[in-house]
Amino acid sequence: MKNTLDKFGTFGTLLAALIAAPACCLPLLASVGAALGFGVFARYNTMLTYLLQFSVVLAVIGAFIGFRQHHNYKPLVLATLSAIGIFYAYNVQLSQVLVYSSLLGLIAAAIWNSIEGRKCATCTPNTLKLQSTLTCPLCGYQCTETMPTDACWYFYECHGCKALLKPKAGDCCVFCSFGSVKCPPIQNGTCGC
């Protein structure tokens, strides 16, 4: 649910705006809402305005959760500025342009968060190959080991000849020098060795 909170909040904001538009003098949203049959909810405009603002808060919380996952602050900034625009337009001074642009900003932020989340999903440890077969350069003995996700093994004792292996020059660990798969920090580009 937390991965879709911004989309849920944005959809809720848009839906509430379509329903509450006649009371807020937003002709474009009012005509679309009426065409979709939302005119029957006209007597609940006060409650719908609160629902709209609650949905905006959910959208911003979802954008913040997305930021914590993919660390790109731009969708969060866009969602926050859009939320401020909606709150200002609904509570301080009504501006049709501000409401429409803020709604578009929330939609863009939700889409942007989704794209960034998909990009980031390819970097998670779940997609890393954690098994590597080490081959001793001295005796040829092979052993499959599970690699740590947050560190590099600098030394490894061969189970065949008991030689102490260490990485070749330029490699960060024994998996990068003698393994069938590079270490996880190299796979996801976070190796600090």
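The values are calculated or read from the model by the stated rules, or taken from the named source; none is laboratory data. Remember, predicted model here, so these are calculated numbers, not experimental data. Every residue, glycine among them, receives a Cβ derived from its backbone with ideal geometry; neighbour counts consider all protein chains shown.
Numbers for the structure displayed
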{"read-out": "The stretch 70-95, residues that are under 12 Å from G117 (Cα atoms) and surrounded by 14 or more Cβ atoms within 10 Å (Cβ to Cβ)", "value": "H70, N72, P75"}
{"read-out": "Any hit, the stretch 140-152, residues being in contact (Cβ under 8 Å) with a residue 40 or more places away in the chain, farther than 16 Å from K129 by Cα and of a type outside the set (D, E, K, R)", "value": "no"}
{"read-out": "From the options F38, F67, residue that is modelled with pLDDT of 60 or more, over 28 Å from the mean Cα position of the chain (by Cα) and crowded, with 17+ Cβ neighbours inside 10 Å", "value": "F38"}
{"read-out": "Looking only at the stretch 129-156, and only at residues there that are outside any loop (DSSP other than H, G, I, E, B) and surrounded by 13 or more Cβ atoms within 10 Å (Cβ to Cβ), the one that is nearest to the chain's Cα centre (by Cα)", "value": "S132"}
{"read-out": "Residue tally, condition farther than 17 Å from F54 by Cα, of a type in the set (S, T, N, Q) and either in a helix (DSSP H, G or I) or modelled with pLDDT under 85 (or both), over the stretch 77-106", "value": "3"}
